[in-house]
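J.: This is the structure I want to talk about, given as C-alpha cells.
We did not get these values from a lab; they are worked out from the coordinates using the rules stated. Here the structure is a predicted model, which is why all the values come from computation and not from measurement. Note that we place each Cβ from the backbone using ideal geometry, even for glycine, and neighbour counts take in every protein chain shown.
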C-alpha cells in the first residue's frame, strides 16, 4: 500500500472519529450529569439527518440544512427530555434502557410513517464536492476535510464550554454532586433540559454531516449509537476528553482495520480466504480493542472508579 | 494463649494529602474485646475497611490466624473467619430477616453451588439461622421483610448474620448505633459473653459500652493510634484527654 | 392457592390450550403462533435468570439467541449439502437431529456467555449494559461479514430437523416439543431461584457487599447465572431457527436483544412466568396491531413506555397486585 493511500485512510479514520465524537460527547455528558443511559441518542442523529435532507430539498441551501438539523434535534431532545426522560433520572438503568428503547421504536416508525421507507439523499454543496490538494500532494475530498475541521472546532468549543463558562461550571458541579448544585440555587431541571438538548443538537449535526456522505434513512443512527457506546466504554463514562480520544481510536481502528487486515492476511493466505478472514476480523477489531481496554482499565482510559 | 489472632502491622492509607491511616499497628488476642475509639473523622471506618477487605492499604501487612491476608479479596477474608458488621447496615433489604440469616448460613457452609434443593427448606441452614436470630432477640421477626426493620433491629440482624458465619473473630463497626438505651444495654451484655467464643474488634461511639466491655482500648486520632491500654490507662492518658477535651473546646 | 399462583397456572395452560383449540378448529397458523410464543418465552426465561434474578441488565442476549440459531443453521446446512463441517483434525459431520443440535446450541451459548460474561462482569451498571450490547453487535457484524454461511442473507434449511419418534413438520407435534422444553426450563429456573445459589445470586443483586461479607463472590455467582442464562437463550434460538427453517444475522441484532427484554418486562421482571405472559402478549400485539397498521411498532413503543413509566410490575404485577416476586 502506498503512503498516499495510507494517509488518505488515516484522514478517513479521523473523519469517522470526529463524527463519533459528536455522538459520544452528548451521550457521555448526559450520563455524567444526569446518570442516564440514552439509547434514543441514535434517533436524534436520525432526526438531524432527516431535518437536513428535508430543508435542503426545499431550499437547496446546505447551510440552512445544517442549521435545521441542529434546531430539529435540539427541539426533539428538549421535547423528549420534558415528556419522558426526566421521569427516568431516579429510575434504575433497566427502566432507562427500556423507556429509551421504546422511544427508538416510536421515532423510527414515526419517521418511516412521515418520510416513507426509501432513503433520502442529501447532496454535498458543489463548492465542497471536489478534492483539495494537501501538502505533500495528497488529494482529499474537501467535504470530508471540512467534517474533520468542524469536529475539531466543536471539540475545542466543548472543552472551552465545560472549562470556562457558567453553564460548564454547573455541568461539572452536577457531575460531582447533585445536591450541591441544588443548594447553590441552580435550576437543575432547566440545566438538565439544556444539557440534553445540547447533546441532541450535536448528534443531529453529526447525522446531517454524515447524511451527505451516505444516505438518510430510518435506523441510520443505531450502528453509530453502538459505536458511540464502544467509544465511551474505552474513554470512560462522563469524560469529554475520554470521548475524544476514544472516538479517534475507534475511528482509526475501524477504518484502518478494514483497509489493512485483508492485505495483511493476503501475505500468507490465498486471496479469497484472506479477504474473508481479514474483513471478518476487521469488523470485530474495535470490539477487540474495547475488550483489551476493559481487561486493563475496567473504567475506561479516563474514567474514574 | 496470648498469641494474637489478628495482627495489623504498620498499616498506612492516604487519600491525596490526607493520611487516613497513619502507621497503625494493632493486635486482637483470643478472648478479648479490643475497642477502637476516636473522634469523628479519625479514620476508624477506613481502618475497618482495610481489615475486612474492599480497601487496599498503601503499606503495611495484616495477619489473621497465622495467614497474611493483606491482598486477599473480601470473600476470602470472610471464609478465613472474619465476621464483620457494618456501620451503615448492609443487608439484602428485599429479603426477610430469616433469609438474610440463612444467607449467612449458606456462606458458612461454603457450598453455594447447589442448584435444586430449596434453600429455605434446608433444616440445617434454618436451624443455624434461627439460633443466631434467637441469640440477638430477632426470632420473632424472622418473617419480617428486612426493609421494614428499625435501624436498631437492622444492627442486630447484622450481628446475627455474623454469628451464623461462626467466625474466628468479629469486626464490629458501631453495633450500638440506633439501639436506644435498653437495646444497647442488652447488646452490651451479649457481646460480653460473645468474647469467649471469638474476640471482637469493636468500633463504638457509645463510651459507656466501650468502658464496660473493652479489655483494651486503642485511641485513633487523625489516622494515628495515640494510645493503647486498659480502660483505666486510657482514662488517665493525658494525650487522650487532650484529643477529646480539645475537640470539645473547639465545638 | 395465592392469586399469583393462579395467574401462573393460567399462563402456563394458556399456550397448550390455544394450540389444542387451534388444532380442533384446523388452524395450523395459530398453532405456529403459539409455538413462536413458547420459543420466545423460553428466550425470555433465559434472560430473566440474568436480569430478574441476578439484576444483570444484558442488552446482548441476541448474541446467544443468534448463536443457537446458527448452531442449528450450520449443522443442518452441512447435513443437507452432505459436506462435513470440518475434516481435520477430526471429522465433524452436519446433523438434522434436534437433540444433537440443541446440545450444540446450549454448549455454544454457554461458552459465549462465559467469555462475554467474564469480561463484562468486571464492570457494572451502565458499563455492563453498553459492553454486552457491543459484544452482541460484534457477533452481528461478524455474521454479516463471514461469507461461508450466507453472510447478510443468512441460511435456509429445506426441511425441519428431526426428533426421534415424532413428525416435526406437523405443527402440533413441533409445538409439543417447544412447550415441553419451555415447561422443563421453567421448572429448572424455578428450582434455581429457590436454591442456595438463587438466594445468594438475588442477594448479590440487592447488596453485593453483603454477599462478600458472608464469604461468597458476587462475580462468580453472576458469571454462572450469565452462563446458564446464555445457554437457555441459545436453546431458544435453535428452536426459533428451526421454526422458521431460516437463520440470519437479524437474530443477532440488538433489536432482538431489546425484544427479548421486552418479553420479560411486559410480563413482569423477576417473575418466573413473566416471560410467558410477555411473549404471548407480544405475539398477540404483533398480530392485532400489525393487522391494523404497518407502523405497529409505534404502538408497541408507546405501550412499553407506559408500562415502564407507570406499571412497573408488568402484566402479572398489574393482575396480581402488590406481592413480592419469587415466592
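J.: On a 0 to 90 degree scale, rounded to 10, what angle separates helix A:93-115 from the longest Cα axis of chain A?
T.: 70 degrees
J.: Still on this structure: Over all residues in C:142-148, what is the mean tally of Cβ atoms on other chains that come within 10 Å of each residue's Cβ?
T.: 5
J.: Measure nothing fancy, just the Cα-based angle from helix A:62-83's long axis to the longest principal axis of chain A, in degrees from 0 to 90, nearest 10.
T.: The answer is roughly 40 degrees.
J.: Where does each of C:229, A:126, B:184 land when they are ranked from fewest to most other beta-carbon atoms within 10 angstrom?
T.: In increasing order of surrounding Cβ atoms, one gets A:126, B:184, C:229.
J.: What percent does the relative contact order of chain C come to when contacts are Cα pairs within less than 8 Å and at least six residues apart?
T.: Relative CO of chain C lands at 33 percent.
J.: Of A:225, A:248, A:98, which has the largest mean-square fluctuation in a 10 Å C-alpha GNM of chain A?
T.: Among A:225, A:248, A:98, the largest mean-square fluctuation in the Gaussian network model of chain A belongs to A:98.
J.: Angle, helix A:142-164 long axis vs. longest principal axis of chain A, Cα atoms, 0 to 90°, nearest 10?
T.: 30 degrees
J.: Another question about this same structure. Peptide A:284-294: average number of partner chain Cβ atoms within 10 Å per residue?
T.: The mean count of partner-chain Cβ atoms within 10 Å per residue comes to 4.
J.: What is region C:21-128 by shape, rounded, prolate or oblate, if you read a ≥ b ≥ c off the alpha carbon gyration tensor as root eigenvalues and call it rounded for a/c under 1.5, prolate for a/b larger than b/c, and oblate otherwise?
T.: Oblate is the answer for region C:21-128, as a/c is 1.5 or above yet b/c matches or exceeds a/b.
J.: Over all Cα pairs of region A:1-143, how is the pair count split among 5 Å bins, expressed in % and running from 0 up to the last occupied bin?
T.: With a bin width of 5 Å, the distribution comes to 2, 8, 14, 17, 16, 13, 12, 9, 6, 3, 1, 0.
J.: Please give the FRET efficiency for residue B:177 paired with residue A:58, using the beta carbon to beta carbon distance and R0 = 56 Å, rounded to the nearest 0.05.
T.: Efficiency for this residue pair is about 0.25.
J.: Would you report the distance distribution of C-alpha pairs in region C:104-218 as whole percents per 5 angstrom bin, up to the bin with the largest distance?
T.: Cα pair-distance distribution for region C:104-218, in percent: 2, 9, 9, 13, 16, 16, 13, 10, 7, 4, 1, 0.
J.: Also: What is the antiparallel percent of DSSP beta bridges lying wholly in chain B, to the nearest 5?
T.: Percent antiparallel among DSSP bridges in chain B is about 55.
J.: Taking 20 °C and 1.002 mPa s as the conditions, I'd like the Stokes-Einstein D for region C:3-320 in µm²/s, using the Kirkwood hydrodynamic radius from alpha carbon pairs.
T.: 108 µm²/s
J.: Which of C:232, C:181, C:39 moves most in a GNM of chain C, Cα contacts under 10 Å?
T.: Greatest mean-square fluctuation among the candidates belongs to C:181.
J.: Measuring from centroid to centroid over Cα atoms, what is the spacing of region C:196-264 and region A:122-186 in Å?
T.: Measuring centre to centre over Cα atoms gives 39 Å.
J.: Measuring from centroid to centroid over Cα atoms, what is the spacing of region C:103-168 and region B:21-71 in Å?
T.: Centre-to-centre distance over Cα atoms comes out at 47 Å.
J.: Moving on. Provide the packing ranking of B:201-208, B:235-242, i.e. peptides ordered by the mean count of other C-beta atoms within 10 Å per residue, highest first.
T.: Most protected by this proxy first, the peptides run B:201-208, B:235-242.
J.: Using Cα pairs under 8 angstrom and six or more residues apart, how large is the relative contact order of chain B, in percent?
T.: Across chain B, relative contact order equals 27 percent.
J.: Could you pull the Rg and Dmax for the protein assembly as shown, using just the Cα atoms, both in Å?
T.: For the protein assembly as shown, the Cα-based Rg and Dmax read 30.5, 95 Å.
J.: With springs only between Cα atoms under 10 Å apart, run a GNM on chain B and tell me which of B:147, B:198, B:209 wobbles the most.
T.: Between B:147, B:198, B:209, it is B:147 that shows the largest mean-square fluctuation.
J.: How far apart, in nm, are the 7 Å Cα→Cβ label points at residue C:83 and residue C:220?
T.: 4.5 nm
J.: While we're here: At a Förster distance of 56 Å, what's the computed FRET efficiency of residue C:294 paired with residue B:140, Cβ-Cβ distance as r, to 0.05?
T.: Once the sixth-power term is evaluated, E becomes 0.35.
J.: Neighbouring Cβ atoms within 10 Å as the yardstick, rank C:18, A:255, B:144 fewest first.
T.: Starting with the residue having the fewest Cβ neighbours, the order is B:144, C:18, A:255.
J.: Please compute the modelled spin-label separation between residue B:222 and residue A:214, points set 7 Å along Cα→Cβ, answer in nm with one decimal.
T.: It works out to 6.0 nm between the two label points.
J.: Okay, next question. What number, in percent, do you get for the relative contact order of chain A if the mean sequence gap of Cα pairs under 8 Å and at least 6 apart is divided by its residue count?
T.: Relative contact order of chain A: 34 percent.
J.: Say each of residue C:158 and residue B:151 gets a label point 7 Å from the Cα, pointing the same way as Cα to Cβ; how far apart are those two points in nm?
T.: 7.5 nm
J.: Then there's this: I'd like the mean, over residues of C:184-196, of how many other protein chain beta carbons sit within 10 Å of each residue's own Cβ.
T.: Shielding by partners across C:184-196 averages 4.
J.: I'd like the FRET efficiency for residue C:166 and residue B:131, computed as 1/(1 + (r/R0)^6) with the beta carbon distance as r and R0 of 45 Å, rounded to 0.05.
T.: It comes to 0.25.
J.: Checking the a/c ratio against 1.5 first, then a/b against b/c, what shape does the Cα gyration tensor give for region C:226-327?
T.: oblate
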